[in-house]
Amino acid sequence: MRASAPLPLLTAVLAAATLLSPASAQNLSDTQLDALKDNLWLAAQQTWELGTESQALLESDASPYAVFFNSSLPPPPGNQSLSDPYSYAALAPVLQIAYNAAASRSNSTGPQPVMYAQGGAAGDPASLGVAILLANWTGAPNPPLDVPLNATDPRGVNFGQGVTYARAAAEQLEYLLTVVPRTDDGAISHRIEQVQLWADFTYMVPPFLAYYAVMTSNQSLLQEAYTQIKLYRSYLLDNDEGLWRHILMGNTNVDTGFWSTGNAWAAAGMTRVLATIQRSPWASSMGSEMSDLTTWITDIHSGMYQYLDSDTALFHNYANETDSTNTGRSFLDASSTSLLASTVYRLALLQGIHTHVPDAEKSRKALSASASSNGVPSFSSWGTGDGVGPATSFTATHPSSVSASSLSSSTATSSYSLPTPSAAVGADLSHFSPQMWLTPVVDPYNWAAQGGSSPEGQAFVVEMYAAYRDWVEVGAPGINAAVRLGPGAPVWSVAVAGIMAVAMLVC
């Protein structure tokens, strides 16, 4: 005989689910996300910031071109009609970034970064590679859609002149493979002046190598993307913690700590390479590589989420260094929290691994919560090294006016004024200023200090919400991972669990 649910309990659960409607959901609105993207567009200036911005906008606004889209790679070429999901119209901001980067290159030929960063990291410019490859693949108009013909930017570059995206991408690849120094076993250095390995590299370089591979039918290069990750992991992974150290080797800037953003960079880069292999023509022959990447991403998730702050659902700047360690660099950080959450949603979709979906949901909801709900701290209570609120200032500079000579990840300082949206669309949000700047965040130019604002942090939130949207659209797989039912549970309890899962999703 079929068991029936106790009517009072089922009625109560149904009532609770009704009360927890989307109207009361802890989600950022489209208006708030648009303001967040506006700030990102205005503030991103460094090579890795622009590369991360292009990836975030790709996943959010032109998802059919992202490696996470559920279709084969490479995407269809050419200029489709505006009604086509592959229309380059949705790619306009990404194409603009690609054009600005390519136009900043020297006229010389030969191995060189796609966007020169004097004194900067060798790996960072490669983060722009996917945007460059897409501009070439789609046959994007030159100049981009929003730049008038024969316009001149502050650097004196005539936008009417041609830009050869294929050459820019090829010379960036050649630079990485033949010019940048390596370890004895072949790991490409993240720096040009010395052999030094950074966790950040995993987000910047392997996804470019992998995307170049599928665009040029080069399986060996796809294998190289995997190999670089494997080599970096062999150096940076601490087996006891399951976490990656930030920077090893070299004579300067060595950082052996478990920087949360570094681990998020690594997990996100591996996730993009995993998706690229999975969508590539060689997926059937690269099963072991996909299995390794899945395990390595899961290892970082397990290592990181054991340190998630239970009160705020945020990570500390260094995962295992809490306030009690009194290191001065153990503040809470919303940047790394956002990026790592995005990788949880992506892994749930790519490989059906749902272990940390409840953790990601806790973090996303906390980051999207109002300051007046449930005693969550208000924006003004988040202190920074320079005072309360967004102390770091950023120039309201369109990427087209960035000077190539100013791009240096080693010497960049926070010295320029925040763009201010006209409407305070983020008023009453706990983790955003009224103008939609994420907080608290690590200073993007000093990983041991708290900053007032962060372009990469803005991009990470965009990536988190793009991944969350894609996850919800296919039914939020793993949402009930937090509802543990033992064997032999009655049928009615499964129904209640499902209703509770829906309630968890919308609250």
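Find the centroid of the Cα atoms in the stretch 24-46 and in the stretch 317-360, then give the distance between the two in whole Å.
About 20 Å separates the Cα centre of the stretch 24-46 from the one of the stretch 317-360.
Under 5 Å between amide H atoms, partner at least 5 residues away or on a different chain: which partners does Ser370 have, H built in plane at 1.01 Å?
Ser430
What ranking of Ile132, Ile229 emerges when the number of other C-beta atoms within 10 Å of each C-beta is taken as an exposure proxy, fewest first?
Lowest count first: Ile229, Ile132.
Rounded, prolate or oblate, given the Cα gyration tensor of the stretch 187-322, with a/c below 1.5 counting as rounded?
Oblate, since a/c reaches 1.5 and b/c is not below a/b.
None of the figures in this text is laboratory data; all of them are computed from the coordinates on show. If you're wondering where the values come from, they're calculated on a predicted model, not measured in any experiment. FYI the Cβ positions are ideal-geometry reconstructions off the backbone, even for glycines, and counts take in every protein chain you see.
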